[in-house]
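The values are calculated or read from the model by the stated rules, or taken from the named source; none is laboratory data. Computed from a predicted model, the values in this text were never measured in an experiment. Methodologically, a virtual Cβ is constructed for each residue, glycine included, from the backbone with ideal geometry; neighbour enumeration extends over all protein chains shown. Just the protein is used for accessible areas: all its heavy atoms, side chains included, with ligands, DNA and RNA removed. Shrake-Rupley method; radii C 1.70, N 1.55, O 1.52, S 1.80 Å.
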Amino acid sequence: MAWRFKASKYKNAAPIVPKAEACVREICVGSYQTYGNNIAASAAFMAFNWEHTGSSVAVLPLDDCGRKSKTMPLLHGHTDTVTDLKFSPFHDGLLATASQDCLVKIWHIPEKGLEQSLSDPEAVFSHKQRRVETVGFHPTADGMMYSTAAGCVALFDLRSQKEIFSNNEHPEVIQSASWREDGTVLATSCKDKCVRIFDPRAAGSPIQMLAESHQSIKDSRVVWLGGQSRILTTGFDAARLRQVIIRDIRNFGTPEKTLELDCSTGILMPLFDPDTNMLFLAGKGDTTINYLEITDKDPYLIEGLRHTGEQTKGACLVPKRALKVMEAEVNRVLQLTSNMVIPIMYQVPRKTYRDFHADLYPETTGYKTELIASEWLNGSNQAVPKMNLDPAKRELGDEPIIPRLGPKPFSSTTGDVSFDKVFAVPLAPGSHENISSVGQESSVGSAGGEPAPAPAIAAHVQPSAKPDLIVEIEIKKKNERETIATAGNGVQKSLTTSERRKSSADDDESSDKIFEQNSESSENSTEGEDRTDADLRRFSSARSSIAERRRLYENRSKSQVDEKAQSPVPLRREPSKVEPLKPNQQQPQQQSNVIGGTCVDGKRISVPEGKLLEEHRQQRGNNGAANAAGLKKSATEAAFSAASTKRTSTVFGKVSKFRHLKGTPGHKSTHIENLRNLSRQIPGECNGFHANHERVAVPLSGPGGKIAIFELSRPGRLPDGVIPSLVNGSNIMDFQWDPFDAQRLAVACDDGIVKLWHIAEGGLSEPTNTPAGELTAHLDKIYFIRFHPLAADVLLTASYDMTIKLWDLRTMTEKCSLTGHSDQIFDFAWSPCGRLGATVCKDGKIRVYNPRKSEMPIREGNGPVGTRGARITWAVEGQYIVCTGFDKVSERQISVYNAQKLSAPLNTASLDVSPSILIPYYDEDSSTLFVTGKGDSTIYCYEITDEEPYICPLSHHRCTSLHQGLSFLTKNHCDVASVEFSKAYRLTNTTIEPLSFTVPRIKSELFQDDLFPPTRITWSATLSADDWFASNNDKAAPKISLKPEGMETLSSIQQVPVQHVKKSLEQPAQFGQKSEYEINKQQEIQKSVSARMEYTTKLEQDDMEGVDENEWQE
């Protein structure tokens, strides 16, 4: 029979979609402009981009399902969008991620999956300031990885953690790459509309073949058809029709088959199974997944059953050894949508599924290889052994194939292999394991003080000619652990390197300090605490992960809204948490920190006040009458309050007037709805949304750098069609409204030009590309722009050239230039007086400038440790600086600094782990700090004070949906009659909503002058540009009262009863004394009432049977 009449075994393979309960649901996935598939799978795990920024990665077990929490553990390792991710074909727990931050990172997933968020990768490779586009592993050589960035192809050896090959001969961005199944050559598709065959081991140029491919510069993909001599590419033709092209490398210049599909804009992601020749085409943004079968002869592509369902954000194939072969599952596609991961099972219909259908499952590529990267680079080729999927021929029968999860494929060439290098994954600070491991394990040698040797490592080598790169490692723990006594109070243990790393990660102390562990005292000390307090403690076992800490913190903040104001709670440190002091430090520390017989240290945990004082009274009684007479109750309270540091999770001392602030969204009739095509590719230094009292500016996606302008006076649903916008012609870096002119908008572009737009009354009626003026500020990209808060026509620009310039917009001339930065500038903030400016930089420094006197900083100090981004602002009349950023484990933090002493923060409050940067807004009249990030749903509120703890949490506002930006208005637009002390506009995915922050008051009809002091005029200019640049005697902004006409103040009403009381005190004879007649009359009334009442001394309990008197005496 002719081949074309032979029916394929996979012709009727049908897609089977599980119920929603069997899918991963309620996840957060955005739309990413990358060349990757946004999802990857191994035989044990699946990994996909998380949230709208895409800088974090979620990793779940392959068979996981159900709803997922937004606080679940993630991989937080990149500062920008993850462009591609792949699992190793030989290790199911080895994941490679590439990002726009120019880095490739290698992660090791534990056998049980992510139990806590990870931020420290096992290896990091850099592409030297070039965005990484694709990443993957070699199909035959273990421990070998490739990545592409711009026109560069690089190979890395994971064993030595070095780059072993690099080539830059591609003239444009490499959009896709695929290895041949035997691992000899690589196929690449490039933005120059060509496809190439690439051999890294070839002498001379590695590019062996080149041919023109799809005639569009849009995205294209390439995949090698298994071990065949053919490749398949997907892309767009000149008319933007989607194409599929098959080429044979033996006749590379002529396509073997060209198939034109439709004119959709999403790139077709080709997923090919070489065992069955099944091809799946999933288009980004499409709701259908096409299934085709590839043949050796015409027609080459045979269409199968098509799946229609949810809109696709990404897709990948599951390895063959993870399939349900006893159900005739020949392939499984993981479809990533905006809120789900759907496993689509392709099943071949059979009469029965009780037996294994060997005709459907040819031998497939295995997961064990003996080839390593160095041998492959030297010319060795070795095929990966095949494996049989028949359960009867497997070692474990019907049981699933055990995934190869560990150990990690990192070993030193010098033979220096330790437990830390192979297995250690850093624990989150404060976790139970982090502390208990220090107190339980010790690697101390003999009594002579010599350290014991490191734990022995036994390597079980697989039966082959030479050892495999991946070895099975067992740790032989010592049965006896000896301790050496120190000269101090406690017992000091000699720690291994692993234990020192865990101990140092918990605190900012030096790594050679040791914590004692006393579980018995720890349990007793928490008996009087509430559950939330105990959970939030630094060494609590309940804080097993950062995600758990975030949940507990939010629950505590939410519960504080209904709490009554409490007196200050003294803090103390438990004996079980005291560090053993060094011999030369013990005596002074004991003299200074012992009060009433108990040590008080800088690191404390909260204990209820009553319990604390009771314990100290008991200790005074036990220590003798001298101690009891020496300390009074008030002295004890004062001493402990002064020696303690207040916790930042509770408002202590005087209760803030704004503690119970309330955020209220505006009515739906005030919303602007039906927003479309919002851009999420704005740089992190830009807030992404800006509003004034008349209109808002919103960036739109797509080419041309468009910014839409919406009039706040015209709320409602936007009409469908083209949105009128400002077309800048280049990518937008930042934009800001002029604070003194509601019609002028400044836009910074990546070509170094600042464009000034003038918006006519009534807003935009059509798109325009003609600005009112252009300022060529820098020769490189601009980070951000800032208007001066007091002087008109003064603009500040910060650029990639690490300089900051000040401009006079009337003359378009440069007036000042600030230098001194050594890395990326994250943010700049003007002081309230307008004389000074503060910057926060990627080099971890905070700098204060006086621009008119010096181009170098006048003060400098240490800022946030994390390099993912930061923001800065001034507070408390310019006396303090507030900085938001990240710590070592990517936890978001808020730090308060003294503006005159930047050496160390006065206090730091930790929030949660999230990739978005906290954007602060400070209301100087109420001293309230609002912070939130893009993609968050919570607006965190704090009060900044000039005394400890400096930063006090208020009631946080939780929105019903995620927001993309938040912009506050000036104080003159607040409705003080409704006790509104701050007003903002919130940008969501589809709406712009007003948001009002108020304080609950009973007498709201009065002007609350205690909440609304005279405010500075920041909505009109105080100085001209010439005056500010020329004068050193700056003029302060005038202040006005926000009190409406005809409205009485609260203080005037409250003074009336006070005056009345004073008069009564001054005239006691008239109002304070009663006459003799009144006194006698009152006594007579009391006697008459008492005579009518029945008097008895008998109690109800006297008639009840009780306990015998003898029992009480016993």
Computed from the mean reciprocal separation of all distinct C-alpha pairs, what Kirkwood hydrodynamic radius does the range 1-61 have, in Å? 15.0 Å
Which entries in the list LYS901/LYS1035; LYS19/LYS668; LYS805/LYS1035 go over 28 Å, if you measure between the two C-alpha atoms of each? LYS19/LYS668
Using only the Cα atoms of the range 898-940, build the gyration tensor, take square roots of its eigenvalues as a ≥ b ≥ c, and label the shape rounded, prolate or oblate: rounded if a/c is under 1.5, else prolate if a/b is larger than b/c, else oblate. oblate
Assuming R0 = 41 Å, can you tell me the calculated FRET efficiency for the pair ASP750 and ASP248, based on Cβ-Cβ distance, to the nearest 0.05? 0.45
Karplus ³J(HN,Hα) for the range 312-317 (6.51 cos²θ - 1.76 cosθ + 1.60, θ = phi - 60°; Hz, whole; x = Gly/Pro) runs 8, 9, x, 7, 7, 9
To the nearest 10 Å², what's TYR783's accessible area with a 1.4 Å probe? 10 Å²
Give me the one-decimal Kirkwood hydrodynamic radius in Å for the range 248-395, with the sum taken over alpha-carbon pairs. 17.9 Å
Please identify the GluC sites (Glu not before Pro) of the range 912-1013 that satisfy two criteria: DSSP loop assignment and at most 16 other Cβ atoms within 10 Å. Which are they? GLU947, GLU1005
The answer for trypsin sites (Lys or Arg not before Pro) in the range 269-337 that fall in a DSSP coil and have at most 16 neighbouring Cβ atoms within 10 Å is LYS297, ARG306, LYS324
Cα-Cα over 32 Å, subset of LYS781/LYS853; LYS657/LYS888; LYS70/LYS888; LYS297/LYS386; LYS284/LYS934; LYS68/LYS320: LYS657/LYS888
Loop sites in the range 704-772: trypsin sites (Lys or Arg not before Pro), DSSP, at most 16 other Cβ within 10 Å: none
Please state the relative contact order of the range 836-979 as a whole percent: Cα pairs under 8 Å, 6+ residues apart? 14 percent
Euclidean distance between Cα centres, the range 852-901 to the range 251-323, Å: 51 Å
Could you list the square roots of 5 times each eigenvalue of the Cα gyration tensor of the range 1-144, that is, the equivalent ellipsoid semi-axes, sorted largest first and rounded to whole Å? 30, 21, 16
Using the Cα gyration tensor of the range 977-1055, with a ≥ b ≥ c the square roots of its eigenvalues, what is the shape: rounded (a/c below 1.5), prolate (a/b larger than b/c) or oblate (neither)? oblate
Each residue of the range 204-213 in turn: what ³J(HN,Hα) in whole Hz from Karplus with 6.51, -1.76, 1.60 and θ = phi - 60°, glycine and Pro shown as x? x, 6, x, 7, 8, 9, 8, 8, 6, 10
Size-normalised alpha-carbon gyration radius of the range 345-397, reference 2.2 N^0.38 Å: 1.64
Might you tell me the accessible area per residue for the range 276-327, computed with a 1.4 Å probe and given in Å²? 39 Å²
Apply the Karplus parameterisation 6.51 cos²θ - 1.76 cosθ + 1.60, with θ equal to phi minus 60°, to every residue of the range 56-65 and state each ³J(HN,Hα) to the nearest whole Hz, in sequence, with x for glycine and proline. 10, 10, 9, 10, 10, x, 4, 9, 6, 7
In whole percent, and with a 1.4 Å probe on the protein chains, what portion of the accessible area of the range 164-223 is carbon and sulfur? 48 percent
For TYR950, which sequence-distant residues (separation of 5 or more, or a different chain) have an amide H within less than 5 Å of its own amide H, given hydrogens modelled in the peptide plane? THR945
VAL865 versus LEU962, label points 7 Å from Cα toward the beta carbon: distance in nm? 2.8 nm
